[in-house]
Structures are given as structure tokens and as C-alpha cells.
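Right, one structure below, let's go through it.
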Amino acid sequence: DVKVTQSSRYLVKRTGEKVFLECVQDMDHENMFWYRQDPGLGLRLIYFSYDVKMKEKGDIPEGYSVSREKKERFSLILESASTNQTSMYLCASSGGTVIGETQYFGPGTRLLVL
Amino acid sequence: DQQVKQNSPSLSVQEGRISILNCDYTNSMFDYFLWYKKYPAEGPTFLISISSIKDKNEDGRFTVFLNKSAKHLSLHIVPSQPGDSAVYFCAASADRGSTLGRLYFGRGTQLTVWP
């Protein structure tokens, strides 16, 4: 059974703080993704990675960076948190380059930036 | 510009009846489609998928229909149950270019099934 875990379920940070969101998957998946979910906007892709030390920008990368030093771990970094980054953050992983490979999601981190 | 569109933000259905959730897409390169279900405070879970070589896929109470010419797919839930109340996301994938494996999501439809 695929398991994707995220370091925190709820997080409260202040404007300007540097924020780290961690994601770990236990299925040796090559691909990992970070999304944010906002009401009425669905799931928007921030960054994704197909391999260790590899990253690609999604649709809304501004204000974010990522790190993938190990295959199982994908970190999302908010360099200087702002109130408009208050959101639900979802990490996902998938197994390879099979077309339409199903992505498996973690439980999400609800971030509040004050 | 959204490539996957779910034009109904919400749907309310009585228990036991059919729920039909719709999804339209604009990119003709999409060849694989998925539906995810999401409860509040949880991550989305995979529900059912369909390849573009098929026009129907069924799994228990859930059936997905694909109309390639209309660039339209729909999810049918029969019979609907109160536990089906959730947000449903449609997603699509293309097999070309550097974004292999990336999914494009719609904005979701909130389904409410009432007793």
C-alpha cells in the first residue's frame, strides 16, 4: 500500500518566515509533486520532480522553491511566507513514466500565514 | 488557461439516485483521464480512470464515460450514497513533451448526497 506522509497537518507561521514542508513516500516512486488547493481553484501544481536533484516548475512556482536530495523525500520551501500563501498544500508521488501513472497523495498540510 | 474544466462547482443528489459529474478538456493530446475524490482535511484519493482507447470503464458503482470527439467525460455514481459526499476532481494526462506523467486537474465539483 502506497504511503505518502507530510511532516505537519497544520502549521501557523508569520509573514516573512522561511517555511519548510516535508513529504516522504515509501514506494520508491520516481515522480513527486507539490500542489496547493484553494476553494474554487482546484489543485494547482507548484513544482514537480522526476528524479533526485531534478526539479521542474509547475503553474505557480513564484515564491516557492523545492529540494530533492533523496528519492523518497521532496521538500517545499516558502522563502519568505506571505499571507497569500495561506492554503492547503498537497504532496503526491507516482511510480514512473507509464502514461497517466496514478498519483498518490499525502494527507495535506494546512498552512496559515499571519 | 484551464485545460480541464469542471463547470459545475456543486451537485446535490438524493440517496439512491444517480450522480453525474461532468468534465470537459481542451487539449487533444490528453489520452488518459482520472477521477479523484477528496474529503475535507484529507488528500485526494484515486477513484477510477479511463484510457482514450476506451469509451467506458466501470468499477462497481462508478462508471466513467469518455466522448473524445466532444472532449468530454463524465462520472456516474449509481446508486449514490451519503458517504459519496465529497469533492470530485477530474484530471488528464498527455503522453508527449517533457511533462510526461504530469496531471492537469479541474477545479472540482462538490457532491452532496442527502438521505
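The numbers here are math on the coordinates, done by the rules we state, and not lab data. Keep in mind that what you see is a predicted model, and the values were worked out from it rather than measured. Using ideal geometry, Cβ is built from the backbone for each residue, glycine included, and neighbour counts are taken over all protein chains shown.
Shown is the FRET efficiency for A:Asp51 and B:Ile20, computed with R0 = 30 Å from the Cβ-Cβ distance and rounded to the nearest 0.05: 0.15. Extending 7 Å from the Cα toward the beta-carbon at both B:Arg61 and A:Leu112 defines two label points whose distance is 3.4 nm.
Here A:Thr5 and A:Ile60 are evaluated by their C-beta separation; at R0 = 35 Å the FRET efficiency comes out at 0.90. For the pair A:Glu17 and A:Asp38 in one chain, pulling the backbone fully straight at 0.36 nm per residue adds 5.4 nm over the alpha carbon distance. Pairs of C-alpha atoms in the range B:23-115 farther apart than 16 Å represent 55 percent of all such pairs.
In straight-distance terms, cross-link reach from B:Lys71 covers every one of the lysines whose alpha-carbon lies under 17 Å from its own, apart from those fewer than eight places away in the same chain; here that gives B:Lys5, B:Lys54, B:Lys56. The count of lysine pairs in chain A whose Cα atoms are under 20 Å apart, excluding pairs fewer than 8 places apart on the same chain, comes to 10. For the pair A:Ile77 and B:Leu11, a Förster radius of 35 Å applied to the C-beta separation gives a FRET efficiency near 0.40, rounded to the nearest 0.05. Across the protein assembly as shown, counting alpha-carbon atoms alone, Rg and Dmax equal 17.5, 50 Å.
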